[in-house]
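**Student:** Would you mind keeping the following structure in view while I ask a few things?
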Amino acid sequence: MDEEEYCVKSEKDKTEITIEDVENNNGRFTTKEHEVGKENDMLTFVTNENHLSPKTKNIADRFIPKRDFNNWQTRFSMIVESNTSGNNIKKKENVSGDGNRDALAYSYLLQNELLGASYDGITKSHCDDRKTDGFQSQKNLFHYRKKTDYLENIESTSPYSLSPVGPKSQKLLRSPRKATRKISRIPFKVLDAPELQDDFYLNLVDWSSQNVLAVGLGNSVYLWSACTSQVTRLCDFFNDSNTVTSVAWNDRGNYVAVGTHHGYVQIWDVAVPKLVCKLTGHSARVGALAWNGESLSSGSRDRMIFQHDIRSPPNFVEKRLVGHRQEVCGLKWSPDNQYLASGGNDNRLYVWNLSSVGPIQTYTDHLAAVKAIAWSPHQHGLLASGGGTADRCIRFWNTLTGQAMQCVDTGSQVCNLAWSKHSSELVSTHGYSQNQILVWKYPTLTQVAKLTGHSYRVLYLAMSPDGESIVTGAGDETLRFWNVFSKARSQKECRGKLNLFSHIR
């Protein structure tokens, strides 16, 4: 290998240093000995023009970054912890957003005071980044940045300040936070309900738009006014040796339908009160009722679903829906009154429309009877359903596409479901084996609250007309009232000159 002589020129002080014994090893230059004038000088190699081509006139060594002014940081938060027990995962999933925000604020406060960070507030993007921090495995564990002055966060501008933290941290602590909504674990009212049947397939409690509660107790139907707390008996079936199996109010709250064990349905006008009509056709008990305007749908143990128009003759059945192989125990019309969802003891969930006599959609994922059915008032076509003891799951369906969406295992029998009218939350009541009431946040499906108090299965559920309270009934023969949902957002009335309705008296 030929030895050549190179000149090393310092760009800073323009001095030339001779370097000998340079070996050319596959295009990489290594020096056996060299001398550099100053530590911070940038060195360039200048070769003799007679020995090298014009293209390789200026050749530099490999770049070695200078890290004297860099601050190395270690991202320990990116290390994914391996949790062996499933209980730890469930606990993390149930942490509310408020707890996550408090932990994030505390973390930012420590970074401001100890690491010289400059966080002065918490935004929604910060919370989202913290949630996805454990999944960013593609980023490097080590990174470096420009060294920051740790004295920036010290409040040197005000020597008379008594605060132990800097201005950034003070602003962080003063940042506005959303008030935490607290749900009382104690019912605000408890009523005795003697002879309230402990039967999973019945629906014996309903709350009207006129703030009147209808309850089927044994052979009679009672009305309780939430405004006056007055109790009246609407009807009884002592002479017929019959029992009440279902009750349902119409939308206006002036008619209540009463299903019986003998298979007929009575329509009562509560203002008079008097019997309006008697609907027949079923050969077994009627355990599910659902109104759609002037039309009433009834589900029976005879596996049939009948649709009656109460303006038609009593014996005239408008439509017969055939599909279930066992008792029909759940019926709910969609908010737009276009689709009917039905659940049965055959573990099937059907969706019907106004014109068809057969189900347009069939869902068979449940492993037990489907009684709990609820349509979302916030998202068109979103349907929630719950299964019995062998299933214990709440499932969500997109009825517009016919696809299954989410599923959560509640750990106990799902008896009822109801959506909040003002927020994306829903409440579920449960039977074997925990007899509890759960409030869920959708779509995260995190538990907002867990209410206990019933000693038997919580088989009955109804919501107040304002959407804030619920009433639950159980085989322990009690009705319990709970405040579970937030109030409706107040809509300020427009006082503009162009708003004609604001001037009408």
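The values are calculated or read from the model by the stated rules, or taken from the named source; none is laboratory data. Computed from a prediction, not measured in an experiment: that's the story for all the values here. Don't worry about glycine lacking a Cβ; one is built from the backbone with ideal geometry, like all the others, and counts go over all protein chains shown. These area figures cover heavy atoms from the full protein model, side chains too; ligands, DNA and RNA do not enter into them. Shrake-Rupley method; radii C 1.70, N 1.55, O 1.52, S 1.80 Å.
**Student:** Out of the strands (runs of 3 or more DSSP E) lying entirely within the range 436-484, which hold 3 or more residues that are farther than 16 Å from residue 376 by Cα and not hydrophobic (A, V, I, L, M, F, W, C)? Give the derivation first.
**Tutor:** Working: elements: 437-441, 446-451, 458-463, 469-474, 478-483.
Correct list: 446-451, 469-474, 478-483.
**Student:** Report whether or not residue 232 is in a strand (DSSP E or B), at pLDDT 95 or above and surrounded by fewer than 17 Cβ atoms within 10 Å (Cβ to Cβ).
**Tutor:** yes
**Student:** Mind checking which residues of the range 408-430 are of a type in the set (A, V, I, L, M, F, W, C) and over 13 Å from residue 440 (Cβ atoms)?
**Tutor:** Scanning the range 408-430 gives a single hit, 415.
**Student:** Right, another one. If you go through the range 263-293, how many residues are polar (S, T, N, Q), open to solvent by 40 Å² or more (accessible area, probe 1.4 Å) and touching a residue at least 24 places away in the same chain (Cβ under 8 Å)? Even if it seems obvious, please write down each step before you answer.
**Tutor:** Filtering the range 263-293 for residues polar (S, T, N, Q) gives 266, 280, 283, 292.
Filter once more, keeping what is open to solvent by 40 Å² or more (accessible area, probe 1.4 Å): 280, 283.
Subset that is touching a residue at least 24 places away in the same chain (Cβ under 8 Å): 280.
Total meeting the criteria: 1.
**Student:** Counting only residues that are at pLDDT 95 or above and either open to solvent by 10 Å² or more (accessible area, probe 1.4 Å) or charged (D, E, K, R) (or both), how many does the range 237-246 have?
**Tutor:** Result for the range 237-246: 1.
**Student:** Restricting attention to the range 247-262, which residues are farther than 28 Å from residue 464 by Cβ and surrounded by fewer than 18 Cβ atoms within 10 Å (Cβ to Cβ)?
**Tutor:** 262
**Student:** State whether the residues of the range 169-184 include one that is loosely packed, with under 14 Cβ neighbours inside 10 Å and within 22 Å of residue 431 (Cα to Cα).
**Tutor:** yes
**Student:** Considering only the range 326-335, how many residues are closer than 15 Å to residue 283 by Cα and part of a loop (DSSP other than H, G, I, E, B)?
**Tutor:** Total meeting the criteria: 2.
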